[in-house]
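All remarks here apply to the structure that follows.
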Amino acid sequence: ILVGEAGQLIFNPDSLSVTRGTTLHFDFLGNNHTLTQSSFGHPCQNASRLDTGFNQQNSLNVSGKFLIDYVVQSDEPQWFYCAQEFPKSHCRAGMVFSLNP
């Protein structure tokens with residue numbers, strides 16, 4: 001799953017349906033994005049589950065430089081977003097990801 005590909009404020013793809021035990025590979029591109037778990041009711045609010053933090057600075061967009069693996073532990077719907085707020089909210093700009101919606 002590409003995160004911030006070509007300077008875009010998107011996860012690509014932005015939604016997947018997979019089974020428990022599947023490993024998702026998030027490939028961080030661009031400047032300082034996060035993978036932060038939220039909820040359907042509060043899509044831009046940290047649900048205090050998974051938060052990678054701002055540790056993936058990749059201004060040269062080198063694929064494979066910053067990878068985060070996430071093992072799916074449940075078949076239930078899960079929601080994620082980018083918590084970057086500078087220079088504008090990435091989440092409110094649409095940088096969200098849904099798992100098993």
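The values are calculated or read from the model by the stated rules, or taken from the named source; none is laboratory data. Note that the structure is a prediction, hence the values are computed from the model and not measured. With ideal geometry, Cβ positions are generated from the backbone for all residues, glycine too; neighbour counts draw on all protein chains shown. When the accessible area is computed, the model is the full protein with side chains, heavy atoms only, and any ligands, DNA or RNA have been set aside. Shrake-Rupley method; radii C 1.70, N 1.55, O 1.52, S 1.80 Å.
Per residue, how much accessible area does the chain have with a 1.4 Å probe, in Å²?
55 Å²
Note that the stretch 33-47 has calculated 3J(HN,Hα) couplings of 9, 10, 10, 10, 7, 10, 9, 4, x, 9, x, 10, 10, 4, 8 Hz, one per residue in order, obtained from phi through the Karplus relation 6.51 cos²θ - 1.76 cosθ + 1.60 (θ = phi - 60°); glycine and proline are x.
Listed as lacking a disulfide-compatible partner in the chain: Cys82, by the criterion of no other cysteine Cβ under 4.7 Å.
Note on the chain: with neighbouring protein chains present and a 1.4 Å probe, carbon and sulfur make up 52 percent of its accessible heavy-atom surface. For the stretch 54-59, the Karplus equation 6.51 cos²θ - 1.76 cosθ + 1.60, evaluated at θ = phi - 60°, returns couplings of 8, 10, 10, 6, 9, 5 Hz by residue, with Gly and Pro reported as x.
Convex hull volume per residue, computed on the Cα atoms of the stretch 1-82, equals 85 Å³. Which listed residue (Asn12, Gln57, Phe28) has the Cα farthest towards the positive end of the charge dipole for the chain, taking +1 on Lys and Arg C-beta and -1 on Asp and Glu C-beta about the Cα centre? Value: Gln57.
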